[in-house]
Every structure is written in structure tokens, then in C-alpha cells.
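First the structure, in the form of C-alpha cells, and then the observations on it.
The values are calculated or read from the model by the stated rules, or taken from the named source; none is laboratory data. Please read these numbers as outputs of a predicted model, since none were measured by experiment. Neighbour counts run over all protein chains shown; Cβ positions are idealised from the backbone, glycine included.
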Amino acid sequence: MSSWRKTWALIAKDIAIERRTRESLNVMFVFSVMVVVILNFAFELRVENIRQVAPGALWVAFAFAGVLGLNRSLAREREDGCLEGLMLAPIDRSAIFVAKAAANLLFILGAEAIVLPLFTVLFGVNVLRADLAVVLLLGTVGLAAVGTLLAAMAAHTRARDVLLPILLLPVSVPLLIAAAKATGGLLDGVGLAGVAGWLQLLSAFDVLFVAASYVLFGYVVEE
């Protein structure tokens, strides 16, 4: 079996597990909805122009929801003994990373797609736009890549539920700032050309951390 077929098989396994359990999607969806609702009521009481804080609120919800989903992705593999089986299987560690990162990317994007209409209704800001989809994709790719690597690192510890946010959120600060700035610029009507610098920063973050995670994942998952 080729490396790509093994990777697709692992992605299909994660999708099949998620279809049965709904574990990651449900957790990410419920948590992100709670964050959006709470921030909406808080900003209505304190902020005159809610459009100014909408980009930050959106990415705060996505970041914390992503942490919960990423935390479960590798922890579930370790609890069920699947990770040890994958280590013994004739498959490259890099293929395991690609499969896990791709599955995490799909789950986070799925949660985002469900939350965006609710965010549009509550905040009165149209985020269901094609140009914003570019920012969402670039931001989510970087979050899924570095999150998969750090989740694999945290899965070896007893305090993995606490350790992953401590590791992931500081590393993701440049990504979240660039994503929020690009989102705010698009909502202000400057177009993709007006936020080209932030998009370049997002792309650079994605390339750097996808490559680093691809190389380091094999060392991280070893005992």
C-alpha cells in the first residue's frame, strides 16, 4: 500500500470514529457557541461599535474550541491503545502526522462552519463571505498543524488537559493576531489586497509550522 493510501486510510478511520461518537465536533461546537453568546452579551453592554470587536471574538471562540478538539484527538488514540498500534504498523511517522492534522483540520472547519451563521445573527456582522473563507482556511491550517504536534507532545503527560492550552496558545499568538487583523480589515471593506501583509504572515506561519511539525512529529510520539 502506498504512503498516500495509508494516510487516507487513517483519515477515514478518524472520520468514522467521529461520525459514531460526535465527540470532538460536539465539544467544539458547544464551547464555541457558549463563548460567542457570552461575548455578545458582554460587548452589547460595554461596546458601542460591536463590529470593532467582532474579529477578536470570532478568533477567540475558534482558538479555544480548537484546543478542546485537538486535546481529544491524540488523547483518544493513547487511551484506546491505537497510538501504540500505529507506532508498530509499517507506516511512516510523517504519514501519521499528515492524517491526524488533516482530520483535525476537517473537524475544526466543520465546527467553524456551524458557528459562523450563529455569529452573523448575534453580532450583526456578515462573516459568511468568500474572502473571509481565505482567512479562515489559512488560520485553521496553522492551528491544526501546530496543535497536532503539541497535542502529541501533551498526550504523553498526565496533565495533558492543562498542558496543551499552555503550549498552544502562546505559540499561536502571531497566527491569531494576523487572522483577527485580516478579518477586521475585510469586514471594514478593504478587500484582500488591503490585508495582503496579514495574509502573507498567515501563510508564512502555516509553511513554517507545517514543515516543522512534519519533521518533528516522529520524535514527539516516541516514548
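Considered as a group, the residues in the range 14-43 that are surrounded by 12 or more Cβ atoms within 10 Å (Cβ to Cβ) and without any contact (Cβ under 8 Å) to a residue 12 or more places away in the chain include one that is farthest from LEU109 (Cα to Cα), and that residue is ALA42. For the range 159-174, the candidate set comprises residues that are in a helix (DSSP H, G or I) and touching a residue at least 40 places away in the same chain (Cβ under 8 Å); within that set, the residue that is surrounded by the most Cβ atoms within 10 Å (Cβ to Cβ) is LEU164. Consider the range 175-197 and keep the residues that are without any contact (Cβ under 8 Å) to a residue 24 or more places away in the chain and assigned to a helix (DSSP H, G or I). The one that is surrounded by the most Cβ atoms within 10 Å (Cβ to Cβ) is GLY185.
Could you tell me which of the residues GLY147, GLY110 is closer than 27 Å to ALA211 by Cβ and buried (at least 19 other Cβ atoms within 10 Å of the Cβ)? Selected residue: GLY147, the only one of GLY147, GLY110 that is closer than 27 Å to ALA211 by Cβ and buried (at least 19 other Cβ atoms within 10 Å of the Cβ). The set of residues in the range 119-130 that are surrounded by fewer than 16 Cβ atoms within 10 Å (Cβ to Cβ) and not hydroxyl-bearing (Ser, Thr, Tyr) comprises VAL121, GLY124, ASN126, LEU128, ARG129, ALA130. Within the range 30-64, being at pLDDT 80 or above and in a loop (DSSP other than H, G, I, E, B) holds for one residue alone: VAL53.
Kindly indicate whether any position in the range 129-140 is part of a helix (DSSP H, G or I) and under 18 Å from ILE17 (Cβ atoms). No, the range 129-140 contains no residue that is part of a helix (DSSP H, G or I) and under 18 Å from ILE17 (Cβ atoms). Would you confirm, using the coordinates I've provided, whether VAL146 is closer than 24 Å to LYS181 by Cβ and not in a helix (DSSP H, G or I)? No, not satisfied.
Considered as a group, the residues in the range 4-28 that are modelled with pLDDT of 85 or more and within 18 Å of the chain's Cα centre (by Cα) include one that is farthest from LYS100 (Cα to Cα), and that residue is MET28.
Yes or no, residue by residue, for (1) small (Gly, Ala, Ser); (2) touching a residue at least 12 places away in the same chain (Cβ under 8 Å); (3) closer than 25 Å to ALA204 by Cα; (4) touching a Pro at 6+ places or on another chain (Cβ under 7 Å):
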residue	(1), (2), (3), (4)
PHE97	no, yes, yes, no
GLY110	yes, yes, yes, no
ILE114	no, yes, no, no
PHE123	no, yes, no, no
LEU136	no, yes, yes, no
ALA152	yes, yes, yes, no
THR157	no, no, no, no
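For the criterion of being part of a helix (DSSP H, G or I) and either farther than 18 Å from PHE29 by Cα or among the β-branched types (Val, Ile, Thr) (or both), PHE205 passes. When you check LEU105 against the structure, is it over 9 Å from the mean Cα position of the chain (by Cα), surrounded by fewer than 22 Cβ atoms within 10 Å (Cβ to Cβ) and modelled with pLDDT of 90 or more, yes or no? Criteria not met by LEU105.
Quick check on my filter: what residues within the range 199-223 are among the charged types (D, E, K, R) and at pLDDT 90 or above?
ASP206, the sole residue that qualifies.
Restricting attention to the range 146-172, the residues that are closer than 25 Å to ALA95 by Cβ and not polar (S, T, N, Q) total 15.
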